[in-house]
Amino acid sequence: MNIKVEKLIKNYKKKDSSDIEVLKNIDFEIPVGHKIALTGPSGVGKSTFIHILGLMDRPTSGKVYIGDVDCFANDDKYLCNMRKKNIGFIFQFHYLMPDFTVLENILLPVWSEKNIKFEQAKNILEKVGLFHRQNHFPNELSGGEQQRAALARALINNPKLIFADEPTGNLDRITGLEVEKLLFKSSSELGSTLVLVTHNDELASKTDNIIKMIDGEIA
């Protein structure tokens, strides 16, 4: 799916009622299947930007088109459905549920269809090298294994859009390279559009385009 952003603004209100401008009038377009790296110093609005692109947060004003649909012209039920059917999200921290096994964590986004998705979940775990860990709990995994499990969870709905917010930020270099290799391979196999936030210049250089943000704007 392609993404198009028009005049996107995001403000947060402080206790004294003055606005903090986080995103400032952004116009932006990502073609179908492209891999984009979003870079820039901490605090410039990168995470806020992809949270809005991933329909997890609403902008103050402006439009976000996914395909031909102006997403935020719709209600929260529509946004929830879009996330469930079309979007995979990977964070810097894995956010696995501690009381669920690895396999159960992978199935969480599709829990209402878990019986149908059971074999697919096992196939994804095999792809990311965690088939032998499917019945383990998150605290029994290494950091790299936890992040691979988070990647597998993001792939369970065959997403057309994948957002990754510092997906290798908490990992050592070797483990990070393994995770990023899986991320790129998976998005290519699915034909997904990939948007990732990173401070890692080496990782950013492997994408189709590097977009730098400064003070809430695209530089």
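Under the condition of being in a loop (DSSP other than H, G, I, E, B) and either among the basic types (Lys, Arg) or at pLDDT 90 or above (or both), which residue from the stretch 159-174 is nearest to residue 117 (Cα to Cα)? Before the answer, list the steps.
Restricting attention to the stretch 159-174, the residues satisfying the condition of being in a loop (DSSP other than H, G, I, E, B) are 159-160, 166-172.
With the extra rule that they be either among the basic types (Lys, Arg) or at pLDDT 90 or above (or both), the set shrinks to 159-160.
On the way: 159: 14, 160: 17 Å.
Out of the qualifying residues, it is 159.
What are the residues in the stretch 34-65 that are over 18 Å from residue 213 (Cα atoms) and within 15 Å of the chain's Cα centre (by Cα), if any?
Within the stretch 34-65, 34, 55, 56, 57 meet the criteria.
So, of the residues in the stretch 20-53 that are assigned to a strand (DSSP E or B) and among the β-branched types (Val, Ile, Thr), which turns out to be nearest to residue 5 (Cα to Cα)? Working first, answer last.
From the stretch 20-53, those assigned to a strand (DSSP E or B) are 20-30, 35-39; that's our starting set.
Subset that is among the β-branched types (Val, Ile, Thr): 20, 22, 26, 30, 36, 39.
Working: 20: 20, 22: 15, 26: 7, 30: 9, 36: 14, 39: 18 Å.
Going through the qualifying residues, I end up with 26.
Taking the condition of being surrounded by 19 or more Cβ atoms within 10 Å (Cβ to Cβ) and either small (Gly, Ala, Ser) or in contact with a helix residue (DSSP H, G or I) (Cβ under 7 Å, 6 or more places away or on another chain) (or both), how many residues in the stretch 33-46 meet it?
Residues meeting the conditions: 6.
So residue 57 ticks every box in (1) modelled with pLDDT of 90 or more; (2) charged (D, E, K, R); (3) loosely packed, with under 13 Cβ neighbours inside 10 Å but one. Which box is left unticked?
The single condition residue 57 does not satisfy is (3).
Quick one: residue 13 ticks every box in (1) of a type in the set (D, E, K, R); (2) more than 21 Å from residue 87 (Cα to Cα); (3) touching a helix residue (DSSP H, G or I) at 6+ places or on another chain (Cβ under 8 Å) except a single one, so which number is it?
For residue 13, the exception is condition (3).
Quick check, is residue 20 at pLDDT below 90 and aliphatic (A, V, I, L, M)?
Details: at pLDDT below 90: yes; aliphatic (A, V, I, L, M): yes.
The answer is yes for residue 20.
The values are calculated or read from the model by the stated rules, or taken from the named source; none is laboratory data. Keep in mind that what you see is a predicted model, and the values were worked out from it rather than measured. All Cβ positions, even for glycine, are placed from backbone atoms using ideal geometry, and neighbour counts span all protein chains on display.
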